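The values are calculated or read from the model by the stated rules, or taken from the named source; none is laboratory data. None of the values given here were measured: they were computed from a predicted structure. Glycine gets a Cβ as well: all are built from the backbone with ideal geometry, and neighbour counts include every protein chain shown. In case anyone asks, the SASA skips ligands and DNA or RNA and just uses the protein heavy atoms, side chains included. Shrake-Rupley method; radii C 1.70, N 1.55, O 1.52, S 1.80 Å.
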Amino acid sequence: MSKQRIFSIDALRGFSLLGILMMNILTFAYPYQIINPFEFFQHQDGALFKISSLFIVASFYPIFAFLFGYGLSMMYQNSIEKGLDYYPMIIRRLSFLLLLGVIHGIFIFYGDILATYALLGFIAIIFVKLKPQYSLVALSIGFSILILLYILPVVLLQDVTQVENFVGIQELERVNNILASADYLSIVGFNLKYFGLNISNIIFVGPFSILPIMLFGIYAQQTNWLNKIRNHKNLYTVIGLVIFVLGLAIKMIQIILEGSMSSQLISQMIGGPIVALSYIIFFVLLCESATARKILNPLQYIGKLSLTTYISQSVICIIIFYGIGFNYYGKLPVFTIYTMSIVIYAVQLLLSYLYLKRFKQGPLEKLWRKVTYLK
């Protein structure tokens, strides 16, 4: 793989970590899991949250999923070149990620994505040996099932949202008391409940929402799709713009309908990945410019330490917002929280650069590699 392609992937991964932090930090600062955020924030930074819902919410996790699938396929190609047995190696790798995700989800942050990616990764690795067309067909079927059997019924049965909102109001006070308290065991209990709900949702919905994005990552690696973007800059600039506008138009639905459950499903599960795809295209095109590469260069350092960075972001947030730390839970406006996220990310960028000047891998990346290759 060329250095330019490696740079694009690492820098894109680093870029996605900023968006993920800006999304996750709201779930640490507020009871995001059980509220309609469009109603909750309407009197406080409502405009800012609406902008965030268009450009950030649900549009960075898909980039990570894409890169995860890309990496699975890339490791398969590398294993062939090095004469390694791919499946025992990748199963160890995914098993470690699953274990780390469960620990992270229960003891730190219920919104963990590592366990999700590991579970779906066990399905995705079936496709790395198949022709690219199989991934393309499978992801098309997956998204079709998502729309027809999940999103469409919710849209047609909107009345159930009234019951769910009532349940959310009852739960709100209990959750607020737990997260603002210094009782860590209660926080673990909260995490266990909502992490379990997230995992059950992934089991039933993930194969049709997140897995297709991973499969597109596999397809992209197998077909050198990133090179096609570079070789047809004008074409993909137009494609990127069209996709970007389409994605924003779909995500506008949740703003127009004030965040009803059906509008959020449509916006986040359909609009989010579409906007994410435009980000990927624009980012690869940006990396073609020497000036842009110099500006984006620091992102590759944090991208190389993505696992350590992701976990450390959760640790930092729980210390800042929960009652076991500085207890700023529910006390700060969205603007201040987003400013804090940028500061946290900037510090992580600097630390990543300094760390990689002395070491080749992050601590979690090093352990992950040892489990993967048994050396």
Response to the item:
Requiring at least 2 residues that are touching a Lys or Arg at 6+ places or on another chain (Cβ under 7 Å), the helices (runs of 4 or more DSSP H) wholly within the stretch 273-375 are 363-373
Discussion item. Contact list please: Cβ distance under 6 Å, first residue in the stretch 5-18 and at pLDDT below 95, second residue of a type in the set (Val, Ile, Thr), pairs at least six apart or on different chains.
Written reply: SER8/VAL284
Practice prompt. Kindly indicate whether PHE64 is touching a residue at least 40 places away in the same chain (Cβ under 8 Å), crowded, with 19+ Cβ neighbours inside 10 Å and assigned to a loop (DSSP other than H, G, I, E, B).
Written response: no
Discussion item. Go through the stretch 70-83 and report how many residues are surrounded by 16 or more Cβ atoms within 10 Å (Cβ to Cβ), touching a residue at least 60 places away in the same chain (Cβ under 8 Å) and over 17 Å from the mean Cα position of the chain (by Cα).
Written reply: 2
Worksheet item: Across the stretch 208-235, what is the total count of residues that are of a type in the set (A, V, I, L, M, F, W, C) and free of Cβ contacts under 8 Å to residues at least 40 places away in the same chain?
Response: 2
Fill in: Of residues in the stretch 327-375 being open to solvent by 50 Å² or more (accessible area, probe 1.4 Å) and among the charged types (D, E, K, R), the one farthest from PHE49 (Cα to Cα)
LYS375
Practice prompt. Pick out the one residue from PHE15, PHE28, PHE49 that is in contact with a Leu (Cβ under 7 Å, 6 or more places away or on another chain), in a helix (DSSP H, G or I) and of a type in the set (Phe, Trp, Tyr).
Written response: PHE15
Worksheet item: Where residues in the stretch 218-272 are touching a helix residue (DSSP H, G or I) at 6+ places or on another chain (Cβ under 7 Å) and not in a helix (DSSP H, G or I), which of them is nearest to SER16 (Cα to Cα)?
Response: THR223
Worksheet item: Scanning the stretch 86-136 for residues that are more than 13 Å from THR372 (Cα to Cα) and charged (D, E, K, R), which turns out least open to solvent (accessible area, probe 1.4 Å)?
Response: ASP112
